[in-house]
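Q: Before I ask anything, here is the structure I am working with.
Every number in this text was worked out from the coordinates using simple rules, so none of it is lab data. None of these values were measured; they are calculated from a predicted model. With ideal geometry, Cβ positions are generated from the backbone for all residues, glycine too; neighbour counts draw on all protein chains shown.
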Amino acid sequence: MASTIPDPPESTCAARQGAGLSPGGPPARSPDGARAARPCVDGPGALPVHAGQRKQPSSDGAGRIEAHGIDHIPDQERHGHPRQLFSVWAAANVNYLSLVVGGTLILMGLTLGQALLVIVAGNLFWLLTGLLAISGPAAGTPSEVITRAIYGIRGNRVNNAVVGWMISVCYFALNLAAAATAAFALVEKAGVGATTGVKIAVVLVIAAVTLTIGVYGHGLIMKLYLPITLALTAVFAVVAIAVLRHTDFSYAPPAPLRGAELWTVLVAGVTLIASAPLSYTTSADFARYLPRTTSAKAVLGWTALGGFVPGVVVCSLGACAATAVDMGDPQSGLRTILPGWFDPLFLLALILGTVALNALTAYSAGLALQAVGIRIRRSLSVLADGTAAVALTLYALLISDFLDTVSNVLQLTVVLLGPAMTIYAADIWLRRNRYDGTTLMDETPDSPYWYAAGVSPAGALALTGGVTVSALCVNTLYTGPIASALDGLDLALPAGIAVSASLYVILSRGRLRSGRSTSGAGAAEPADGGTTR
């Protein structure tokens, strides 16, 4: 059964403007006495606040806890510039986990040249992260609400419980574990033994700092992440000099991979690298405060560059270092080529970068918990997510093997995240990025996004189909039958993307083939020419 994408209903403001009326009631007077229309703030055709009018104070100032959760951000509270998104994503991607993953490619048996090609290819998926971010200014709501248009009101709750909350908590735990390993080494340098009790205390302290940023929210993130990016850039410039001086640029493993075995490792490497950008199906969360007239190209570009540039650089440093030192134990290995005086600064930078990354994860996880339907303040939902992540972190550090855990989890999550991100991107393309944030907040059966009993057949079937095919092709914690038939070649990522995108486009475009106007489904150009540019 083909599903339909509903037309965004015309807002009250837009209707009044079409009738020649001021959206807010009787016509307002400009300072010179002439009649002037009042700004429209409640729908897709909303106008910006006019010059000379007072804007409401921002609800997300850096010095106070953000007032908004998953609710719609009204136009008068929109602010900022898309270039701010670069430092948000850059700070989050200069981290220890990227070094570990880059080094892992060499440990998997690739030459340095092959590893660098894999790193670039995997990081190109940041373009998808950037594409998803453009829906934030268009809707004025986070990704966790925008996806109601894809899965339906009830279906989206399930989507947020799994893709939003559970995956975010897993990534939070992995990154927290990465930061903790650097902190353990720093503690030992201070002469304190890293006993089990000390390790637990260190994890709790790092989690507390991370969750504080997540609780204060969007305003503090925008304020902090530029100086964090600059500090991390300075530290990693020193790391780069030390690593490149020792890199064996002609490195090849003792037994080079060939044929099917080589392709199996190359595809697995791209999947491993791509897991980072694919984990951010929530990139609209950090763009939703931008004015609706913000250029979509700028939002996409600054978001993608913020992830791509540091992703390539830091992963490449990890791969280069692995040609000279043992990256099976990254900290001990890097310590042999870094200046002795610099070691504490390097460890602090690893911790800071991971805190920056995890604060974004915690922030989105808090929104996901709200979007599941749990009536809880965003600040408290962030703390609840942190509690679950700390428990997983302690398990990963004290019980499981950390490197194996990282590799397996990152590759396995792609089974779900690849199809989920692709479907979201396809919906943005089908609607031409037209989302009515106020209508998306309606969770009643009267909502145009209620579909069939609260579930969109197109979204549900596309995600189910994509994940099923991806699971049949995966080769990580378990080997799917298709991967087994292909001698271990893991095609989970491309197969999941192709199937989910095809299903969603076919099922959602049935309405267009039925002869209805193509101005529906958000296909019409916005009145202000805004986010479709």
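Q: How big is D, in µm² s⁻¹, for segment 198-302 by Stokes-Einstein at 37 °C and 0.692 mPa s if Rh is the Kirkwood radius over C-alpha pairs?
A: Values: Rh = 18.8 Å.
The estimated diffusion coefficient comes to 175 µm²/s.
Q: Turning to a different aspect of this structure: From the backbone phi of segment 181-194, what are the Karplus-calculated ³J(HN,Hα) couplings (6.51 cos²θ - 1.76 cosθ + 1.60, θ = phi - 60°) in whole Hz, Gly and Pro given as x?
A: 5, 5, 5, 4, 5, 5, 4, 5, 5, 7, x, 9, x, 7
Q: Quick one: net charge around T282, please, counting Lys, Arg +1 and Asp, Glu -1 for every other residue with C-beta under 15 Å from its C-beta. Walk me through the intermediate numbers first.
A: Values: positive: R148, R288, R378; negative: E144, D285, D385, D427.
Value of the local net charge: -1.
Q: Which listed residue (F125, T141, P227) has the Cα farthest towards the positive end of the charge dipole for segment 123-235, taking +1 on Lys and Arg C-beta and -1 on Asp and Glu C-beta about the Cα centre?
A: Comparing the listed Cα positions along the dipole, T141 ranks first.
Q: Using the alpha-carbon centroid of each, what span in Å lies between segment 235-279 and segment 167-222?
A: Computed from Cα coordinates, the inter-centre distance equals 27 Å.
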